[in-house]
Amino acid sequence: MKTLIGMITFVLSFLPSVLFAEIVTSFDLENGMQVVVIEDHRAPVVTHMVWYRVGSADEQAGKSGIAHFLEHLMFKGTETMVPGEFSKIVSANGGQENAFTSYDYTGYYQKVSADRLPLMMQIEADRMQNLILSEEEVLPERDVVIEERNSRTESNPSALLREQRSALQYFNHRYGIPVIGWKHEIAQLTQQDALDFYKKYYAPNNAILIVAGDTTPDEVRTLAQKYYGKRTPSLNLPERKRTQEPPHLAPLRIEMEDARVRQPALVRTYLAENRKSGAQKEAAALEMLAQLLGGSGITSYLGQELQLKQKVALNISAFYDGVSLDRDTFGLYVLPAPTATPEQAEEALDAALQAFLNSEIDQAHLARLKTQAKAGQIYARDSLSGLARRYGTGLTSGLTIEDIQVWPDVLQSVTADDVKAAARKVLNPNNSVTSWLLPKAEG
């Protein structure tokens, strides 16, 4: 079986990505709403998504968490539905639904049988502008969000350290503030805060409708005009202009001790360029750099150096996404071996990174990673929700449909020289934050 998979992957590596490109159609409604249709007729199901070009990084100072809070409140009542009815309708029709908030976007989706698409559009379009929020519903839901923060962040040492690290990494940009919000600011959010945010950003000309699955552009156009076409565009949408980071002049570090921690762990992040429309080459090189350094585990460069040769680490990884409206981060993770001190593990990491910068990139390894990337992108087409999310995150982060579709080819065009140039730029100590999570010292 492994041999067969390897042969298939080898063959795929020589085929142009265009042969596997999904069928995507895009058009705008008269009210400014963008509509994207991704056709896939292999099963009679669809994923229906509405993405708003607003996330936590667009929040007003002092109101952190309002974007996520409103996401919760969107499941309350409208002029035609009582609180909780939206979810009951989706469930009664055999569907699944949820929502999510990030720094750059807020999204809502349903996965249903294709013949239920009109109903999903009807109820989603309804809550786009007809939400009703009473004080009796808002305040208890605020307590729910606080409890969510307690369970996911306050009770998790790694999550707490991640917040502290981000606040150091971005000391002027809103990416340094947690998506869920600071606890003391969540507690002060009001009904009026939620309504103001809703009226300001939830409009068709600030939204993207994505439908993936067993449908056609003509069907989606007709339905979208019928339901979303009735929604009134906003004439006062603010420009998505955020404060940016000034030059970072020194390496930063943070060490946090916690009695719940048993094993030290290091995470280091560097400010990194994001994917830019029409100019994604540097981001693609950073993606390949992450895979070379730590993405393939023990066979990666850092895996070979820190785990196999020096035996100072039990586990390592490198990570980079790049799909963001503003500058992103490139990260490294090291779990020291029990026989190595945190200081020894960090010194070994620094030495290995310097050695990588001074050495030639393994061309064969890079070629294998590019083949794996192409195969992974082809297999990912089997997930309708995954396809819809790829386009939603890209479009709400400043990319175009063309940018998203050519990304696989941009990755394939990356050379060893591109990777080395990206590495020299991103692995700048002055742009780094090194964070250690440590067991609490006795006494």
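The values are calculated or read from the model by the stated rules, or taken from the named source; none is laboratory data. Source: prediction; values computed, not measured. FYI the Cβ positions are ideal-geometry reconstructions off the backbone, even for glycines, and counts take in every protein chain you see. Areas reflect the complete protein model, heavy atoms only, side chains present, ligands, DNA and RNA absent. Shrake-Rupley method; radii C 1.70, N 1.55, O 1.52, S 1.80 Å.
With respect to the conditions (1) closer than 17 Å to Ala284 by Cα; (2) open to solvent by less than 20 Å² (accessible area, probe 1.4 Å), Leu387 lacks only one, and its number is (1). Only one of the numbered conditions (1) open to solvent by less than 40 Å² (accessible area, probe 1.4 Å); (2) outside any loop (DSSP other than H, G, I, E, B); (3) over 30 Å from Val36 (Cα atoms) is violated by Lys374, and that is (3). Evaluating Leu314 against the criteria (1) in a helix (DSSP H, G or I); (2) open to solvent by 20 Å² or more (accessible area, probe 1.4 Å) leaves one unmet condition, (1).
Does at least one position in the stretch 348-358 carry a residue that is surrounded by fewer than 20 Cβ atoms within 10 Å (Cβ to Cβ), at negative phi, modelled with pLDDT under 95 and in a helix (DSSP H, G or I)? No: the stretch 348-358 contains no residue that is surrounded by fewer than 20 Cβ atoms within 10 Å (Cβ to Cβ), at negative phi, modelled with pLDDT under 95 and in a helix (DSSP H, G or I). Among the residues of the stretch 214-241, those identified as of a type in the set (Lys, Arg) and either within 30 Å of Val112 (Cβ to Cβ) or touching a Lys or Arg at 6+ places or on another chain (Cβ under 6 Å) (or both) are Arg221, Lys226, Lys230, Arg231.
Filtering Thr78, Thr101 for residues that are open to solvent by less than 40 Å² (accessible area, probe 1.4 Å) and within 22 Å of the chain's Cα centre (by Cα) leaves a single hit, Thr101. Count of the stretch 406-438 residues, restricted to those that are in contact with a Phe, Trp or Tyr (Cβ under 9 Å, 6 or more places away or on another chain), polar (S, T, N, Q) and not in a strand (DSSP E or B), is 2.
Results for (1) touching a strand residue (DSSP E or B) at 6+ places or on another chain (Cβ under 7 Å); (2) under 24 Å from Thr222 (Cα atoms); (3) not in a loop (DSSP other than H, G, I, E, B), shown as yes or no for each residue.
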| position | (1), (2), (3) |
| --- | --- |
| Phe69 | no, no, yes |
| Val82 | no, no, no |
| Ser87 | yes, no, yes |
| Gly107 | yes, yes, yes |
| Arg116 | no, yes, yes |
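Scanning the stretch 122-137 for residues that are open to solvent by less than 50 Å² (accessible area, probe 1.4 Å) and more than 25 Å from the chain's Cα centre (by Cα) yields Ile123, Asp126, Asn130, Leu131, Leu133, Ser134, Glu137.
Looking only at the stretch 111-161, residues that are among the polar types (S, T, N, Q) and within 21 Å of Tyr201 (Cα to Cα) come to 4 in all. Residues of the stretch 222-255 that are outside any loop (DSSP other than H, G, I, E, B), under 28 Å from the mean Cα position of the chain (by Cα) and more than 30 Å from Arg165 (Cβ to Cβ): Ala224, Tyr228.
Screening the stretch 374-409 for residues that are over 14 Å from the mean Cα position of the chain (by Cα) and aromatic (Phe, Trp, Tyr) and picking the one that is nearest to Gly213 (Cα to Cα) gives Tyr379.
Only helices (runs of 4 or more DSSP H) whose full extent lies in the stretch 138-217 are considered here, and the ones with at least 2 residues that are open to solvent by less than 40 Å² (accessible area, probe 1.4 Å) and either under 30 Å from Met121 (Cβ atoms) or touching a strand residue (DSSP E or B) at 6+ places or on another chain (Cβ under 9 Å) (or both) are 157-169, 191-201.
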